[in-house]
1. Does T91 meet the test of being surrounded by fewer than 20 Cβ atoms within 10 Å (Cβ to Cβ), in contact with a helix residue (DSSP H, G or I) (Cβ under 9 Å, 6 or more places away or on another chain) and β-branched (V, I, T)?
2. Just a yes or no: is a residue in the stretch 61-70 buried (at least 17 other Cβ atoms within 10 Å of the Cβ), in a loop (DSSP other than H, G, I, E, B) and either polar (S, T, N, Q) or out of contact with any strand residue (DSSP E or B) (no Cβ under 6 Å at 6 or more places or on another chain) (or both)?
3. Suppose we filter L141, L135, L159 for residues that are part of a loop (DSSP other than H, G, I, E, B), open to solvent by less than 60 Å² (accessible area, probe 1.4 Å) and over 29 Å from S36 (Cβ atoms); which single one remains?
4. Restricting to the stretch 16-49, what's the tally of residues that are more than 23 Å from F102 (Cβ to Cβ) and open to solvent by 60 Å² or more (accessible area, probe 1.4 Å)?
5. In the stretch 13-37, what residues are assigned to a helix (DSSP H, G or I), among the hydrophobic types (A, V, I, L, M, F, W, C) and either within 14 Å of P85 (Cβ to Cβ) or at pLDDT 95 or above (or both)?
6. State the number of residues belonging to the stretch 115-132 that are closer than 12 Å to L159 by Cβ and outside any loop (DSSP other than H, G, I, E, B).
7. Condition first: under 11 Å from the mean Cα position of the chain (by Cα) and farther than 17 Å from V199 by Cα. Now tell me which residues in the stretch 131-150 satisfy that.
8. Which residue, of V167, V181, is at negative phi, open to solvent by 50 Å² or more (accessible area, probe 1.4 Å), at pLDDT below 95 and among the hydrophobic types (A, V, I, L, M, F, W, C)?
Amino acid sequence: MNVGIFVLLVSVITIVSSDPSDEACLTHLSNSLQDSNKKLDDWTKNNFAIPCNDSTANLKGATCNNGRIYRLSLNNLSLKGTISPFLSNCTNLQSLDLSSNFLTGPIPPDLQSLVNLAVLNLSSNQLQGQIPPQLTFCAYLNIIDLHNNRLTGPIPQQLGLLLRLSVFDVSNNHLSGPIPVSLANRTGNLARFNSTSFVGNNDLYGYPLPPFKNKGLSVLAIVGIGLGSGLASLVLSFSGVCIWLKVTERKMALEEGKVSHHMPDY
């Protein structure tokens, strides 16, 4: 066979074929999502089989590189449903943006298989459960944005091991416990995160959140309670003294009356 023809055939096969992992990833993701507004009308079985023509994607919100899905941007599409754990099959994925939808359920720990992932944006949904510490295995993560969800539990201290992390936002959730030192007090050339990354979690406390406002009563409340208790004690003490004096005065008057009654007249 002519070498030129062979190279051409290989190129055609590469273009029209797809990775079976990507196909499984997209199929399961589609099944886990509810697209009531038909924003993803080209997300069909045929396109899942061949989602990419080299670097051109056949699916809305998808971006391809060398015949593989490497970016999924399905933000602000009013999607409902859950995040499929089979997203882990899109092993070439570098950016996942499902923000500003109505997704519920947990963040799948299976995302740890996305070893090339650099951007994870799941913000402004209704996600529940804890932040999976397994995200630490995504060593290339630059951005973790989980703000405006319903996540609970502590912030995994292992996330501080992500050396490339430059954006971290878990504000406005239901997280609790101390902010890991590995995220709060980063040194050297590592990115530092201020209080805006953590605000809006009533049971979360520690630097860089302001003191006395992150857990328990504020200073003003404590001072107010102290002053109120002191004033109440003072009033009670004064009232007690007044009552004691009144009783004593009355008792003395009675005693005086008894004495004068028994004294003889001269």
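1. yes
2. So far as the stretch 61-70 goes, no, none of its residues is buried (at least 17 other Cβ atoms within 10 Å of the Cβ), in a loop (DSSP other than H, G, I, E, B) and either polar (S, T, N, Q) or out of contact with any strand residue (DSSP E or B) (no Cβ under 6 Å at 6 or more places or on another chain) (or both).
3. One residue alone meets the criteria, L141.
4. Within the stretch 16-49, residues that are more than 23 Å from F102 (Cβ to Cβ) and open to solvent by 60 Å² or more (accessible area, probe 1.4 Å) number 5.
5. Those that are assigned to a helix (DSSP H, G or I), among the hydrophobic types (A, V, I, L, M, F, W, C) and either within 14 Å of P85 (Cβ to Cβ) or at pLDDT 95 or above (or both): A24, C25, L26, L29.
6. Result for the stretch 115-132: 1.
7. P132
8. Among V167, V181, only V181 is at negative phi, open to solvent by 50 Å² or more (accessible area, probe 1.4 Å), at pLDDT below 95 and among the hydrophobic types (A, V, I, L, M, F, W, C).
The values are calculated or read from the model by the stated rules, or taken from the named source; none is laboratory data. Keep in mind that what you see is a predicted model, and the values were worked out from it rather than measured. All Cβ positions, glycine included, derive from the backbone under ideal geometry; neighbour counts span all protein chains shown. Areas reflect the complete protein model, heavy atoms only, side chains present, ligands, DNA and RNA absent. Shrake-Rupley method; radii C 1.70, N 1.55, O 1.52, S 1.80 Å.
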